Amino acid sequence: MVRNTAKPVITRSTDTDNNNLYRRTQSLRQRVFQLTSLIWILVLQLVLAGVSHAREPVSAVKYPEKITPEMLLGKQLFFDPILSEDRKTTCASCHQFSHGGSFPDATTLMYNGQPSRYNSSSVFNLSANYILGWEGQFSSIAQQIDALVTKKTVMGLSWNEITARLQQHSEYRQRFDIIYPEGITRQTVMHAIATYETALTTPSPFDAFQQGDNGAISEDAKLGYELFKRYGCISCHQGQNIGGNLLQKIGVIEPYTYDPNDRSQASLGRYNTTHNEADIQVFRVPSLRNVADTPPYFHDGSVSTLEEAVSLMSKHQLGREIPSSDITLIVAFLQSLSGSPHPTLIP
Ligand code: HEC
Ligand code: HEC
């Protein structure tokens with residue numbers, strides 16, 4: 001016969017008062033302990049809820065804390081045609097502040113008379129774009145400026161020509177000398193422009209909303225933001241710039257109108273940079289800040305409205321059709337992402 005040897009714990013029948021008191025104190029201690037744990041768990045939950053609220057997938061952009069002399073020097077260069085051969089083109093010719101820092105046409109005319117390969121990108125909020133260029137070909141703003149001058153197709157001048165011109169200009173000589181001990185060099189010109197560009201942040205009504213101003217954006221925009229997250233747009237358009245930090249193929253789910261025989265350079269995307277077949281039609285996911293101000297859309301500027309862009313995204317990137325009422329809400333959210341740079345930094 002198998003006996004169950006696991007005996008129940010039997011309390012001794014000879015309990016003394018002391019023993020009882022001991023047990024009661026014990027159970028009181030246990031309860032206090034349980035209660036404190038419970039309170040701690042509640043506090044922890046509240047703290048975590050606070051943290052997770054603060055950790056919304058999109059963090060707010062802010063104006064620079066201080067406007068520095070480098071920024072103001074960079075501003076002067078950005079709007080000065082001295083940087084172009086015929087003294088007619090400035091950086092702002094193709095990056096218009098009245099157009100969200102980009103250009104109103106699908107492509108722009110380059111210095112060599114050819115149309116640009118891509119739609120001009122915005123120069124706002126660059127510091128949160130971890131990679132630059134439609135092909136994700138640049139890893140820093142300075143590298144991008146360096147390439148832009150070196151190619152000579154954009155402004156028509158080489159670095160030597162630019163620095164020589166600036167050196168002949170007494171005001172620039174003075175301004176550079178005050179800020180940089182080495183005066184006017186390729187590095188310091190790049191540094192001033194890059195510092196200016198980095199300062200071009202555009203806090204928007206959506207940022208005010210994220211920081212607790214519940215009335216800063218419309219109810220539609222709030223619903224649109226929820227849909228933007230729920231549909232999964234946020235998986236690619238993520239981080240502080242709601243994009244600008246990933247490379248993705250256009251047409252991940254449903255192929256984007258791409259004719260394999262049409263190997264025009266713009267439709268090849270990142271392949272142009274890497275010559276890797278897997279990078280055909282791969283682009284830097286664009287930031288959606290100020291997107292309402294920067295039509296036309298996509299790398300080739302082939303899409304003229306935000307509604308159309310969102311509908312194409314849902315089809316090709318998510319493989320689904322989003323009802324038009326939801327598209328309207330998402331567009332309301334996208335519209336809440338527009339702001340303008342610090343007043344001192346705009347022309
Ligand atoms: C003739 C038109 C034109 C001019 C002039 C021009 N750009 Fe651009 N810019 C473009 C185009 C087109 C793109 C997109 C190119 C690409 O992604 O490969 C671009 C892209 C950029 C980007 C990358 C933004 C990003 O997030 O990828 C920066 C930064 C930039 N330009 C800064 C400048 C500066 C600084 C100047 C002046 C020194 C300048 N541009 C002059 C047309 C121009
Ligand atoms: C799988 C990644 C991915 C997902 C998911 C995605 N996008 Fe995009 N989005 C991209 C890429 C890549 C581009 C650039 C396409 C091009 O230029 O050809 C882009 C471009 C855009 C543009 C045009 C921006 C401009 O300046 O030209 C908008 C607007 C946009 N997406 C909104 C959305 C919305 C809204 C959703 C959700 C319904 C979404 N995207 C989902 C990757 C994605």
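Looking across the range 137-154, just one residue is of a type in the set (A, V, I, L, M) and either in the same structural domain as GLN248 (by TED's automatic domain parsing) or part of a loop (DSSP other than H, G, I, E, B) (or both), and that is VAL154.
The rows are residues; the columns are (1) within 16 Å of ligand 2 (Cβ to nearest atom); (2) not in a loop (DSSP other than H, G, I, E, B).
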residue	(1), (2)
ILE82	no, yes
ASP86	no, no
SER122	yes, no
SER127	no, yes
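Among the residues of the range 88-104, those identified as in contact with a strand residue (DSSP E or B) (Cβ under 9 Å, 6 or more places away or on another chain) and either in a loop (DSSP other than H, G, I, E, B) or away from ligand 2 (no atom under 16 Å from the Cβ) (or both) are HIS95, PHE103, PRO104. When TRP134 is tested against (1) surrounded by fewer than 20 Cβ atoms within 10 Å (Cβ to Cβ); (2) outside any helix (DSSP H, G or I), exactly one condition is not met: (1).
Please work out if GLY212 is of a type outside the set (Ser, Thr, Tyr), touching a residue at least 24 places away in the same chain (Cβ under 8 Å) and not assigned by TED's automatic domain parsing to the domain that holds LEU77. Judged against the criteria, GLY212 is not a match.
Per the listing THR188, THR257, THR202, THR195, the residue uniquely of a type outside the set (A, V, I, L, M) and either in contact with a strand residue (DSSP E or B) (Cβ under 6 Å, 6 or more places away or on another chain) or farther than 30 Å from ILE82 by Cα (or both) is THR257. For the range 142-156, the condition of being within 16 Å of the chain's Cα centre (by Cα) and either modelled with pLDDT of 95 or more or away from ligand 2 (no atom under 14 Å from the Cβ) (or both) holds for none of the residues. Go through the residues of the range 267-286 one by one and say whether even a single one is over 17 Å from SER122 (Cβ atoms), among the β-branched types (Val, Ile, Thr), part of a loop (DSSP other than H, G, I, E, B) and not assigned by TED's automatic domain parsing to the domain that holds LEU73. Yes - at least one qualifying residue is present in the range 267-286.
Among the helices (runs of 4 or more DSSP H) confined to the range 155-257, there are none with at least 2 residues that are surrounded by 17 or more Cβ atoms within 10 Å (Cβ to Cβ), more than 15 Å from ligand 1 (Cβ to nearest atom) and at positive phi. If we scan the range 304-325, do we find a residue that is within 14 Å of ligand 1 (Cβ to nearest atom) and either in the same structural domain as GLY101 (by TED's automatic domain parsing) or farther than 30 Å from LEU73 by Cα (or both)? No, the range 304-325 contains no residue that is within 14 Å of ligand 1 (Cβ to nearest atom) and either in the same structural domain as GLY101 (by TED's automatic domain parsing) or farther than 30 Å from LEU73 by Cα (or both).
The values are calculated or read from the model by the stated rules, or taken from the named source; none is laboratory data. What you see is a predicted model; the values in this text were computed from it and never measured. A quick note on method: Cβ atoms are made from the backbone with ideal geometry, for glycine too, and the neighbour counts reach across all protein chains shown.
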